[in-house]
Amino acid sequence: MRLRILGCSGGIGGKLRTTSFLIDEDTLLDAGTGVCDLSLQEMCRIDRVFLTHSHLDHIVSIPFMLDSVAGIRNRPLTVYGLPETLETLQQHIFNWKIWPDFAQIPDPVSPFVRYQPIAIGEKVVLNGGSIIALPANHVIAAVGYQLDSGAGSLVFSGDTTEQDEFWKIINKIKNLKHVIMETAFSDSERELAVRSKHLCPAMLGTELLKLEGRPDIHISHLKPGESDLTMREITACVKDRNVQMLENGQEFEF
């Protein structure tokens, strides 16, 4: 499997893009502003979107992508997510007030988009492997994901804070190569991280003590203007692991 980072920032500005990863050529993991850098032809090839949760920085490109390519595709886009996530999209985005309901057009029998609920622990088979929903602990219903090619696995935490169940599952993955973890705030903003159910470097360090294997760790969701500070704080508290900042354009094969 191949994972291409379209966006991994906690905000926008300049070349910064919010969370969106391209799996092979036909699947998105979240759909933040990074999707907007794809060509029309690249967007046409996307058949599935797996959402971690319904916050705007992770879903914002779905309405625009559908509006751009739905009419030139011959099959619907399938959006996967927790039932709560899909319900939020239908009630608050695709409601004819914010954006047209693409699940009803051109008609309900052959719509431009279909919604597919998933549950934590559920596996969906992809062309090059599989994707499995993992538990996350956020202010709204959320999941992370494991991508498994058979030869290797990559795990994305999604937006999350301290938890144990995630690590119990991760520690059972024998072919784990990479873990993408969020760290949204610096240590000076720990109270905000706790209230918003994100991580700061000190909290990340505590979480990584629960990880038994030795995969490479990649940090996402850094806030604009704070990435250098936050990475220095991470380096100071996580000394025995290979931890790097995730960057747009980076690719993983596993």
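Computed from the alpha carbon atoms alone, the convex hull of the stretch 2-141 holds 115 Å³ per residue. Start at zero, step by 10 Å, and the Cα-Cα distances of the stretch 95-254 spread as 10, 34, 31, 17, 7, 1 percent across the bins. A Förster distance of 22 Å, applied to the separation of the beta-carbon atoms of residue 125 and residue 165, puts the FRET efficiency at 0.40. Principal-axis analysis of the Cα atoms of the chain puts helix 83-92 at an angle of about 60° to the longest axis.
If R0 is 22 Å, the Cβ-Cβ spacing of residue 209 and residue 188 corresponds to a FRET efficiency of close to 0.50.
Distance between the modelled labels on residue 25 and residue 240, one decimal in nanometres: 4.4 nm (7 Å Cα→Cβ projection). When 217, 180 are arranged by Cβ crowding within 10 Å, least crowded first, meaning fewest neighbours, the order is 217, 180. Here the Karplus curve 6.51 cos²θ - 1.76 cosθ + 1.60, taken at θ = phi - 60°, turns the phi angles of the stretch 179-194 into couplings of 10, 9, 10, 7, 8, 7, 9, 7, 5, 5, 10, 4, 4, 5, 4, 5 Hz, with x standing for Gly and Pro.
Using just its DSSP H runs of length 4 or more, each adding -39500 (n - 2.57), the chain gives a mean residue ellipticity at 222 nm of -6000 deg cm²/dmol after division by all residues. Compared with the alpha-carbon gap, the fully stretched path from residue 196 to residue 47 is longer by 50.5 nm at 0.36 nm per residue. On the basis of the beta-carbon distance and an R0 of 22 Å, residue 253 and residue 172 show a calculated FRET efficiency of 0.45.
Each part gets one Cα centre, and for the stretch 97-172 versus the stretch 182-228 those centres are 21 Å apart. Stretching the chain fully between residue 96 and residue 84 yields a gain of 2.4 nm (0.36 nm per residue, less the alpha carbon separation).
Throughout, read-outs are computed from the coordinates displayed, never taken from laboratory work. Since the model is a prediction, treat every value here as computed from it, not as a measurement. A quick note on method: Cβ atoms are made from the backbone with ideal geometry, for glycine too, and the neighbour counts reach across all protein chains shown.
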